[in-house]
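Undergrad: I have a structure I would like to understand better, so I am pasting it below and will then ask my questions one at a time.
The values are calculated or read from the model by the stated rules, or taken from the named source; none is laboratory data. Quick caveat, the model's predicted, so the values are computed rather than measured. Don't worry about glycine lacking a Cβ; one is built from the backbone with ideal geometry, like all the others, and counts go over all protein chains shown. Just so you know, the surface numbers come from the protein's heavy atoms only, side chains and all, with ligands and any DNA or RNA stripped out. Shrake-Rupley method; radii C 1.70, N 1.55, O 1.52, S 1.80 Å.
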Amino acid sequence: MRYLLLMILPILNLFSEPITPLPLDIKTNPAKVALGKALFFDPILSLDGTVSCASCHNLLEGGDDAKVFSTGIKNQKGTINAPTVLNAVFNFSQFWDGRARDLKSQVEEPIVNPVEMGNNFENVIKTLKDSHYRETFDKLYHDGISKENITDAIAEFEKTLITPDSPFDNYLRGDKEAITQMQKEGYELFKEKGCIACHHGRNVGGNMYNKFGLLISIKDDNLGRFNVTKDENDKQIFKVPSLRNVAKTAPYFHNGSVSDLRKAVYFMAKHQVGRPISEEEVDKIVSFLEALTGKPPKSLNE
Ligand code: HEC
Ligand code: HEC
């Protein structure tokens, strides 16, 4: 299936742009968004009250934590790089191995993960019932505070974490001056070099799985999608990440092994497409990727 797609895509591209602009808005329930936002920034969800979602997903700085691996409660280190939550709503599944089908089912994991927030829902619900949140939940949900409703509110807030006004989106919507000549050349190279085969669609990724090290295999302890499917063919297969805001999400890859964007592009050219690439071409592609940086989501100022 993957390979079939690689063959068909270039043909489809003749008819339309392989990357489409993001919708400017997504319909959400404002009251639930406000609740979800408060919870996202509140360490009350963690066992010892020290870590919030925002500790690892800094929404003003790319939506991740700028670390190789994240730090959870009691200074514990994780084992996989934190992806951005910006535009995550547009990904076809959540997590590097796609084990959560949507934002709502994703929320559960960090709260109970022993090295992240280390809590359990019985305790979370009890703590929230003794707090000012009780009234808000009772107003918004007929059954008040529950796992279902906590995850629902946070997911509702996450739907607002979109960055549809990047220079490249404005360019795709018709403003031909929105990006520089160098960025235009970078976009052409991004297509010519074959990056587009995996990083396409409105999220410039986030809509398929592929092998990390497709052409040159990479030594890695993380089995990726295999953990979910137990299919031998899925070893070292990961979700192709969105490249939106990628200039702000170093370090790169699920193992955080590459510290800057130039190196990440060079690495991809070598390991994913197996094509030689010059310094100048790397610079142009990086310049194009910088045009994918949007303004911070509007909901952060509301
Ligand atoms: C201790 C750091 C930490 C905390 C706290 C944390 N996360 Fe994450 N988050 C991560 C890491 C690491 C991953 C990647 C895990 C994986 O793929 O296996 C991740 C993945 C995600 C993803 C998937 C994005 C994608 O594109 O696949 C979303 C969405 C997300 N987190 C939202 C949240 C929310 C909401 C909270 C609070 C309830 C939260 N995170 C708390 C570190 C953290
Ligand atoms: C065959 C599919 C495929 C092709 C072609 C491909 N990529 Fe990727 N790309 C991936 C996958 C899969 C990952 C995630 C790898 C991982 O960390 O496990 C990734 C990750 C990245 C990242 C890091 C993103 C992050 O948040 O960590 C960048 C940057 C990137 N690719 C750019 C490019 C560029 C530029 C090209 C063209 C030279 C390219 N890719 C070609 C599949 C592909």
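Undergrad: Given the options L215, L243, name the one that is in the same structural domain as A269 (by TED's automatic domain parsing), touching a helix residue (DSSP H, G or I) at 6+ places or on another chain (Cβ under 7 Å) and modelled with pLDDT of 95 or more. Lay out the reasoning, then the answer.
TA: Details: L215 fails: modelled with pLDDT of 95 or more.
That would be L243, the only listed residue that is in the same structural domain as A269 (by TED's automatic domain parsing), touching a helix residue (DSSP H, G or I) at 6+ places or on another chain (Cβ under 7 Å) and modelled with pLDDT of 95 or more.
Undergrad: To continue, here is another question. Could you run through region 109-127 and say how many residues are open to solvent by less than 20 Å² (accessible area, probe 1.4 Å) and in a helix (DSSP H, G or I)?
TA: Total satisfying the criteria: 2.
Undergrad: When only residues in region 254-283 that are part of a helix (DSSP H, G or I) and hydrophobic (A, V, I, L, M, F, W, C) count, which is surrounded by the most Cβ atoms within 10 Å (Cβ to Cβ)? Even if it seems obvious, please write down each step before you answer.
TA: Of region 254-283, the ones part of a helix (DSSP H, G or I) are 261-273, 279-283.
Right, trim to hydrophobic (A, V, I, L, M, F, W, C) and you get 261, 264-265, 267-269, 273, 282.
On the way: L261: 21, A264: 22, V265: 27, F267: 17, M268: 22, A269: 21, V273: 16, V282: 20.
This residue is V265.
Undergrad: Name the residue, out of L9, L47, L14, that is open to solvent by 40 Å² or more (accessible area, probe 1.4 Å) and either at pLDDT below 95 or closer than 20 Å to T293 by Cβ (or both). Even if it seems obvious, please write down each step before you answer.
TA: Numbers: L9 fails: open to solvent by 40 Å² or more (accessible area, probe 1.4 Å); L47 fails: either at pLDDT below 95 or closer than 20 Å to T293 by Cβ (or both).
When all the criteria are applied, what remains is L14.
Undergrad: Pick from region 223-253 the residues that are of a type in the set (K, R) and buried (at least 19 other Cβ atoms within 10 Å of the Cβ): which of them is nearest to ligand 2 (Cβ to nearest atom)?
TA: Pass one, region 223-253, residues of a type in the set (K, R): 225, 230, 235, 239, 244, 248.
Of the ones still in play, those that are also buried (at least 19 other Cβ atoms within 10 Å of the Cβ) are 225, 239, 244, 248.
Values: R225: 10, K239: 7, R244: 10, K248: 10 Å.
Selected residue: K239.
Undergrad: Out of the residues in region 172-216 that are farther than 23 Å from F90 by Cβ and outside any loop (DSSP other than H, G, I, E, B), state the one that is farthest from ligand 2 (Cβ to nearest atom).
TA: Across region 172-216, the extreme among qualifying residues is Q181.
Undergrad: Which is hydroxyl-bearing (S, T, Y), touching a residue at least 40 places away in the same chain (Cβ under 8 Å), within 16 Å of ligand 1 (Cβ to nearest atom) and assigned to a loop (DSSP other than H, G, I, E, B), of T163, T151? Write out each step before concluding.
TA: Details: T151 fails: assigned to a loop (DSSP other than H, G, I, E, B).
Of T163, T151, the one residue that is hydroxyl-bearing (S, T, Y), touching a residue at least 40 places away in the same chain (Cβ under 8 Å), within 16 Å of ligand 1 (Cβ to nearest atom) and assigned to a loop (DSSP other than H, G, I, E, B) is T163.
Undergrad: Determine whether K67 is modelled with pLDDT of 95 or more, surrounded by fewer than 19 Cβ atoms within 10 Å (Cβ to Cβ) and within 10 Å of ligand 1 (Cβ to nearest atom).
TA: Details: modelled with pLDDT of 95 or more: yes; surrounded by fewer than 19 Cβ atoms within 10 Å (Cβ to Cβ): yes; within 10 Å of ligand 1 (Cβ to nearest atom): yes.
For K67, the condition - modelled with pLDDT of 95 or more, surrounded by fewer than 19 Cβ atoms within 10 Å (Cβ to Cβ) and within 10 Å of ligand 1 (Cβ to nearest atom) - is met.
Undergrad: For region 259-302, which residues satisfy the criterion of being over 20 Å from Y209 (Cα atoms) and aliphatic (A, V, I, L, M)? Don't jump to the end; show me each part of the working.
TA: Keep residues of region 259-302 that are over 20 Å from Y209 (Cα atoms), which gives 259-263, 266, 275-302.
Answer for region 259-302, where residues must be over 20 Å from Y209 (Cα atoms) and aliphatic (A, V, I, L, M): L261, I277, V282, I285, V286, L289, A291, L292, L300.
Undergrad: Ok, one more. Going by the conditions given, is G256 under 25 Å from S93 (Cα atoms) and assigned by TED's automatic domain parsing to the domain that holds I285?
TA: Spelling it out, G256 is indeed under 25 Å from S93 (Cα atoms) and assigned by TED's automatic domain parsing to the domain that holds I285.
Undergrad: Considering region 91-108 alone, what residues qualify as being part of a helix (DSSP H, G or I) and either near ligand 1 (Cβ under 9 Å from one of its atoms) or basic (K, R) (or both)?
TA: Within region 91-108, the subset part of a helix (DSSP H, G or I) is 103-108.
Selection gives L103, K104, Q106, V107, E108.
Undergrad: For K295, all conditions in the list (1) away from ligand 2 (no atom under 11 Å from the Cβ); (2) under 20 Å from the mean Cα position of the chain (by Cα); (3) open to solvent by less than 60 Å² (accessible area, probe 1.4 Å); (4) not β-branched (V, I, T) hold save one; what is the number of the exception?
TA: Going through the list (1) away from ligand 2 (no atom under 11 Å from the Cβ); (2) under 20 Å from the mean Cα position of the chain (by Cα); (3) open to solvent by less than 60 Å² (accessible area, probe 1.4 Å); (4) not β-branched (V, I, T), K295 breaks only (3).
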